[in-house]
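> Shown below is the structure under consideration.
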């Protein structure tokens with residue numbers, strides 16, 4: 001077990017550095033998420049490590065793009081997993097674990113906004129900045145421009161639309177799950193996602209000259 005995950009499970013909650021936990025592909029026939037959390041509740045700390053590996057990347061990307069500030073995303077990310085651990089004794093698998101996880105994340109982000117009153121300035125951290133060494137310079141430049149347009153467009157979306165889009169794209173949740181997480185009805189959720197996608201597509205497709 002990695003030291004970072006062990007510290008998160010067993011003791012006080014120091015800032016967890018995600019890079020210390022190496023992603024591992026889930027094995028065939030591995031327990032589902034809810035079963036892993038129930039096993040952790042019953043004392044199997046290794047089950048939490050598997051659960052964490054499955055979801056830490058997507059969760060962090062969701063939070064980073066939602067709050068647009070790396071230090072804040074780190075803090076909220078840590079808070080979310082801390083709440084998951086504390087809630088393990090009360091957890092009942094009445095919904096998918098991902099719905100439970102992102103409901104906690106969504107609520108932690110809302111609490112963060114209430115504490116800080118407003119968004120802080122975005123950091124220069126790019127969650128998609130992982131170029132393939134074999135890519136041609138022209139392809140890298142095109143991808144960089146597309147990412148820049150996407151990040152700028154995400155920043156300009158209303159909070160509700162950005163949240164719905166990220167829950168759909170980063171977390172892979174469906175409309176019913178997103179509606180449950182955000183406390184909205186399905187039609188409102190569908191409308192927010194549709195408007196978000198429309199605005200983002202328009203921003204990514206616009207000529208580079210219009211970015212000035």
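The values are calculated or read from the model by the stated rules, or taken from the named source; none is laboratory data. Since we're looking at a predicted model, the values are computed, not measured. Note that each Cβ is placed from the backbone with ideal geometry, even for glycine, and that neighbours are counted across all protein chains shown.
> Identify all residues within segment 183-202 that are buried (at least 20 other Cβ atoms within 10 Å of the Cβ) and in contact (Cβ under 8 Å) with a residue 40 or more places away in the chain; write none if there are none.
Scanning segment 183-202 gives a single hit, 200.
> I need a count of the residues in segment 27-67 that are buried (at least 18 other Cβ atoms within 10 Å of the Cβ) and at positive phi.
Residues meeting the conditions: 0.
> Between a first residue in segment 166-180 that is over 17 Å from residue 200 (Cβ atoms) and a second residue that is surrounded by 20 or more Cβ atoms within 10 Å (Cβ to Cβ) and at pLDDT below 90, which pairs have beta carbons less than 9 Å apart while being 6 or more apart in sequence or on different chains?
Filtered contacts from segment 166-180: 177/171.
> Which of (1) under 14 Å from the mean Cα position of the chain (by Cα); (2) at pLDDT 80 or above does residue 87 not meet, given it meets every other one?
Checking residue 87 against (1) under 14 Å from the mean Cα position of the chain (by Cα); (2) at pLDDT 80 or above, the one that fails is (1).
> Got a sec? Which of 62, 23, 52 is modelled with pLDDT of 95 or more and either within 12 Å of the chain's Cα centre (by Cα) or not assigned by TED's automatic domain parsing to the domain that holds residue 164 (or both)?
Just one listed residue meets the conditions, 52.
> How many residues does segment 159-212 contain that are assigned to a loop (DSSP other than H, G, I, E, B) and either modelled with pLDDT of 90 or more or in contact with a helix residue (DSSP H, G or I) (Cβ under 6 Å, 6 or more places away or on another chain) (or both)?
7
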